[in-house]
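Notes to accompany the following structure.
Each value in this text was obtained by applying a stated rule to the coordinates, not by laboratory testing. Since the model is a prediction, treat every value here as computed from it, not as a measurement. All Cβ positions, glycine included, derive from the backbone under ideal geometry; neighbour counts span all protein chains shown.
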Amino acid sequence: MRQAFAHEEVVVRRGSRSGLPLIVSVHSRVLGPAVGGCRLRRYETWQDGLADALRLSEAMTYKAAVAGLDFGGGKSVIALGKDTELTPALREAALEDLGELIASWEGSYRTGPDIGTGPDDMVVLKRFSPYAYCAPEEHGGTGDSGGPTATGVLAALRAGARHVFGDASCAGRRVVISGFGSVGGGIADGLAAEGAHVVVSDVDQSRKDAALASGYGWVEPDQALSAPADIFVPAAVGGVLSAESVPRLSASLVVGPANNQLTEESVADALAGRGVVWVPDYVASAGGIVYALSRESENYGHEGAHKRVEGIGDTVSHVLDLARSTGVTPQRAAQQIAEARLASAARLVLGA
């Protein structure tokens, strides 16, 4: 039986220096070169890393398409075994292996930081290829993408609030943020400045003191979803919204940067069935990649790139208006917008 395969190109290689499995997955280059971060994490098997790369590269295609970027979707994964000791030497060797592999793609796949990697790791990759984004500024990059990601989420939140509450301002709204890292912290600061009542949560209990010192409320992680709120912001791990968890949700608007928030597609219907407006994660979280690509690939200055990130609010409004007017979920509306753009580009290619 022949099995359909949606991705354009996938390479799995054993690193010659590190001995670790390296995976680069390109889902689509219809709109332009594929982009997607470099993930370095532990997996039960390398095949689990492959599944991660396939899933995430497809999501990147939709993220870029909905955001109006002329780029496709990709992902790279360095798969650590569950018992592998990641020494500094092994880390550098693995990154050198991946840098060599990325260079062989000659710009048709481009990367940046993801789970397990950061700006300093991009410096290693840039030894082999210029197509590693978000290196520290002193190395020619734009640095940590957390700030632009938070800015994009705040723009998405305002658009969502206008749609749900009739007012883009979050002043007086109770907002629960699950995840108080750099992005969650940036979102909290922005909302507090607007006059929102911010409550945060994190599995890292050491962040509680910092949250309280900033004047934020605190809720334990297992209670964040059900805590009284107007808006819930998933800003940590994915898979937080499931058939089991959605009935416990008290917020009427969910917008956040965490990837893969739904455990399965049908959860979007469950959210809509309860009257909850959910902004798809790949729409809300696009600020980091929009900013980095604008600056490092399309020669925008800071102000121009920042303005493009703020444009995520317009994208969210378009998604939610389409969902309301056609009676579909925001998830499906975002997919329709992306698929229309991809189909149009594909016709141009075929016509050429």
Using 0.36 nm per residue of separation minus the Cα-Cα distance, give me the extension gain between residue 138 and residue 344 in nm, one decimal. 70.2 nm
In degrees from 0 to 90, rounded to the nearest 10, what is the angle of the helix 46-66 Cα long axis to the longest principal axis of the chain? 60 degrees
Got a sec? Charge dipole of the chain, +1 on Cβ for Lys and Arg, -1 for Asp and Glu; which of 177, 343, 155 is way out at the positive end? 343
Report the residue, chosen from 185, 313, 107, that carries the largest GNM mean-square fluctuation when the chain is represented by alpha-carbon nodes joined by springs under 10 Å. 107
Förster radius 35 Å - calculated FRET efficiency between residue 192 and residue 264, Cβ distance, rounded to 0.05: 0.55
Angle, helix 312-326 long axis vs. longest principal axis of the chain, Cα atoms, 0 to 90°, nearest 10? 70 degrees
Put +1 on the Cβ of each Lys and Arg and -1 on the Cβ of each Asp and Glu in the range 1-113; which of 80, 38, 62 then has its Cα farthest toward the positive end of the dipole? 62
Return a whole-number percent for the relative contact order of the range 263-323, with Cα pairs under 8 Å and 6 or more residues apart as the contact set. 31 percent
If the convex hull is drawn through the Cα atoms of the range 53-127, its volume per residue in Å³: 100 Å³
Extreme residue, positive dipole direction of the chain, given options 119, 293, 221 (C-beta unit charges): 293
For the range 5-120, what's the relative contact order in percent, using C-alpha pairs closer than 8 Å and at least 6 residues apart? 34 percent
With +1 on each Lys and Arg Cβ and -1 on each Asp and Glu Cβ, and nothing else charged, work out how big the dipole of the range 99-231 is about its Cα centre, in Debye to the nearest 20. 400 debye
How many nm is it between the label spots at residue 250 and residue 310, if each spot is 7 Å from the Cα in line with the beta carbon? 3.4 nm
Loop sites only, by DSSP: take the trypsin sites (Lys or Arg not before Pro) in the chain that have at most 13 other C-beta atoms within 10 Å and name the longest stretch containing none of them. 128-273
Of [x] 88, 42, 40; [y] 55, 53, 48; [z] 84, 44, 39, which is the value of Cα extents along the principal axes in Å derived from the coordinates here? [y]
Considering every pair of different Cα atoms, what Kirkwood radius, in Å, is found for the range 251-316? 13.2 Å
Using alpha-carbon coordinates, inclination of helix 146-165 to the longest axis of the chain, degrees: 40 degrees
For the range 234-352, what ratio Rg/Rh do Cα atoms give with a Kirkwood hydrodynamic radius? 1.03
Size of electric dipole in the chain: Cβ of Lys, Arg +1 and of Asp, Glu -1, about Cα centre, debye, nearest 20: 640 debye
Quick one: dipole size for the range 165-233, taken about the Cα centre, charges +1 on Lys/Arg Cβ and -1 on Asp/Glu Cβ, in debye to the nearest 20. 80 debye
So for the chain, averaging the separation of alpha carbon pairs under 8 Å that are six or more residues apart and normalising by length, what relative contact order in percent results? 15 percent
Provide, as a two-decimal number, the C-alpha radius of gyration of the range 116-187 over 2.2 N^0.38 Å, N being how many residues it has. 1.49
Ellipsoid semi-axes in whole angstrom, largest first, where each is sqrt(5λ) of the Cα gyration tensor of the range 133-229: 24, 19, 11
The ratio Rg/Rh over the Cα atoms of the range 209-292, Rh being the Kirkwood inverse mean 1/r radius, stands at 0.99
